[in-house]
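The values are calculated or read from the model by the stated rules, or taken from the named source; none is laboratory data. It should be emphasised that the depicted structure is a prediction, and the values quoted were computed from it without experimental measurement. Here Cβ is always computed from backbone atoms with ideal geometry, including for glycine, and neighbour counts include all displayed protein chains.
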Amino acid sequence: MWPLRPAGRALFLSLLFALSPLPAQAQTPNAWINEIHYDNAGGDTDEVVEVVIEDAGSVALDRFQVLHYNGADGNSDAAAPVPLDAFAPGATAGGFSLYSYNYTNNGETLQNGTEALALCFDGNDDGTFETLVSSGGTDQFLSYEGTLTGTSGDGCAGGETSTPIGADESTPPPVGESVQLEGSGTAYTDFTWTGPLASTTGTPSAGQTLSGSVTITVDDDGPADYASIQTAIDAVGPGATIQVLEGFYAESVTVDKQLTLEGPNAGTPGDATRSSEATIEGQVVISASDVVFDGFDVAPPPATSNATAEALRVGTAPDDVVVTNTVVRDFEESGLPPWEGLGGIVAFGGNSSDAIDDVTIADNKVQNLNGRDTKGGAAGISVQGHVDGATVTGNTVANVGMDATTWAFGIVVRGTDNHGQTPTGVDASGNDVSAVQSVPATSTVGVGFGFEDGAAGTTTVAGNSFSSTELQVEDKTAALDLDALLADNTFDRAVVVRNANGNVKDESGVRKIYSPISPAVAAAAPGETVEVHDGTYAETVTVDKALTLQDASTPTVDAFEVAADNVTIDGFTITGGTVGGETAGIFVQSNTSGHTFSANNLGGPESGTGLRVQSGVSGTEITENNISDWAFGVDADAPGQNV
């Protein structure tokens, strides 16, 4: 056997493994030789073997061994076998953990010219290392600068013929280069040898992507790999799947690497019939790209600071994150500072130079969020800041805010003050938003969908259902087509203000789809039209300026009080309410004129007056109305009426 050559030549070897948990006797793990540096110009430097194992820790490292076979006689080098527990840990990628061993630093050198390298496994766990590892159908007995056959009976590759790798360093490269595999996959045959290129000790090759399929389990009180979700996240490498069983997990969770987390309701929408939940009793923060968070129940404790005020946060700049089939619920504040708000599911792009790209928030249920009772609020789903591409679809948002909350949103798209960046490419479609409310005395009310100051770019709002909100849609940017929103979404009530040209009024504070009629009347200017769409409006509307109130389908309202000249009320179903101490459908105050009441259906409660006209009213036209089931159909006081 040729002796190992002294300083002046070098070998760099990388080994990648993909394996399943192994008992004492089992099939050999999937593993392969990945990168080799065996000769360089000048003295020997950093002769290294690097190993990567999927699901590291499931098999003891000392059950693996690297052998070198001499090209001259095919014998193994008995002085050089190295068990992998002598290797230093490196990075993790795609579910693989990397380890390396520096031969030069340990006073050893590796042969130049023809040599073969064998990866051996102790399948019987008895110290014999009898098994040659194979990957993708190729035995890991690999050679460079030629082919050799191992001496029969000598090590795990005895009697085997090596497979040449097809790349070499016969012309010694500079220190720091190697031959290596490139490509993407999970087995040796997925990759191709190339180089010499810059070596990457402790990490995958520059042109290499490793993707693993490790799956581990978490159970708070039963047999599983881990009892804590965060402990499992910290232990696994990127690319793994963590399956969390039903139970209560009193912990906050930070997902800081590429993972798939699956709760017991993975694949089941938040508003569907679900099995027992994996409830996370803490905040969830997703800060890594390519994360899937699927099928959980999130119920954090009351928020006490801005840092804890978001139940589930995606930030600051991860890409391709999916939050789906998850329930976020019963979240409130406890001593939150003034003007801080709660968030159910929040995608917050807080990096001015790196956006959150392509986040998906789908098929979740967010319910029962209560913000501060003064100077604060809540948002069910928020897309904020530097976000480029957000799909918000199929979610159910309900019971956000309360009567004493200053502001509330079902879904909101908005900018942020800390870097001036704004969301772009937001698609909010197929969501169901209901019961969003705030204190009536504030100018900012409960909003089903809010497009706030600082938001920008193309936003699609279609196929959504809005109900029981104080304000259905609010656009502070003039970027949304409110006519298109009216046509493309479903509302239990919808009211808009149109200008003299018939367009939805495009003016700050009025770019809204209202839910009650009265706020729209307050926002309209004399001579404009308040257009009321289908729905039941349980209110008595006081019209105190010259306006046209026009139906867009078949709206039903309690009553109207006319308190100004030149008011038109056209096309409503009116059921009666208390106006001026009386029961009436339309109540016209005295000394007003120029009214038109047409095509209304005034169906009363068997008492009161359908159309009540006080004294001094003139120039009023009443045509094509159906007035029934009142004590009095039309009652006009004297003197001076001219109806």
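Some notes on this structure:
- Residue list for region 41-59, restricted to those being out of contact with any strand residue (DSSP E or B) (no Cβ under 7 Å at 6 or more places or on another chain) and in contact (Cβ under 8 Å) with a residue 40 or more places away in the chain: A41, G42, D44, T45, D55, G57, V59
- Among the residues of region 209-221, the ones that are more than 18 Å from A93 (Cα to Cα) and touching a Gly at 6+ places or on another chain (Cβ under 8 Å) come to 3 in all.
- Applying the condition of being hydroxyl-bearing (S, T, Y) and within 22 Å of I216 (Cβ to Cβ) to region 93-121 and asking which residue is farthest from the chain's Cα centre (by Cα) yields Y99.
- The set of residues from region 312-344 being closer than 16 Å to F409 by Cα, hydrophobic (A, V, I, L, M, F, W, C) and in a loop (DSSP other than H, G, I, E, B) comprises just one member, W339.
- Only one entry of A288, A307 meets the criterion of being free of Cβ contacts under 8 Å to residues at least 24 places away in the same chain, of a type outside the set (D, E, K, R) and either buried (at least 17 other Cβ atoms within 10 Å of the Cβ) or within 30 Å of W339 (Cα to Cα) (or both), and that entry is A307.
- Residues satisfying the stated conditions in region 183-214, i.e. over 15 Å from S135 (Cβ atoms), small (G, A, S) and touching a Pro at 6+ places or on another chain (Cβ under 9 Å): G195, G202
- One residue alone among G577, G581 is modelled with pLDDT of 95 or more and under 54 Å from the mean Cα position of the chain (by Cα), and that residue is G577.
- For P269, the stated conditions do not hold, so it cannot be described as surrounded by 21 or more Cβ atoms within 10 Å (Cβ to Cβ), part of a loop (DSSP other than H, G, I, E, B) and in contact (Cβ under 8 Å) with a residue 40 or more places away in the chain.
- Per the conditions (1) surrounded by 15 or more Cβ atoms within 10 Å (Cβ to Cβ); (2) part of a loop (DSSP other than H, G, I, E, B); (3) of a type in the set (S, T, N, Q), the sole criterion not satisfied by S607 is (1).
- Looking only at region 345-396, residues that are of a type outside the set (D, E), outside any strand (DSSP E or B) and at pLDDT 95 or above come to 3 in all.
- Selection within region 97-130: residues that are among the small types (G, A, S) and part of a loop (DSSP other than H, G, I, E, B). The member of this set that is farthest from S211 (Cα to Cα) is G107.
- Verdict on V473 being modelled with pLDDT of 90 or more, touching a Lys or Arg at 6+ places or on another chain (Cβ under 8 Å), crowded, with 18+ Cβ neighbours inside 10 Å and farther than 18 Å from G410 by Cβ: no
- The residues listed here are L312, L369; of these, the one that is in contact (Cβ under 8 Å) with a residue 24 or more places away in the chain, touching a Lys or Arg at 6+ places or on another chain (Cβ under 9 Å), buried (at least 24 other Cβ atoms within 10 Å of the Cβ) and among the hydrophobic types (A, V, I, L, M, F, W, C) is L369.
- Filter result for V327 (closer than 22 Å to Q437 by Cβ, under 17 Å from the mean Cα position of the chain (by Cα) and buried (at least 22 other Cβ atoms within 10 Å of the Cβ)): yes
- Answer residue from region 92-123, given it is buried (at least 20 other Cβ atoms within 10 Å of the Cβ) and among the charged types (D, E, K, R) and is nearest to S162 (Cα to Cα) among those: E115
- Filtering region 253-287 to residues that are aliphatic (A, V, I, L, M) and modelled with pLDDT of 95 or more leaves V253, V255, L261, A266, A272, A278, I280, V284, V285, I286.
- Just one residue in the set P164, P83, P173, P89 is loosely packed, with under 15 Cβ neighbours inside 10 Å, of a type outside the set (A, V, I, L, M) and under 47 Å from the mean Cα position of the chain (by Cα); that residue is P89.
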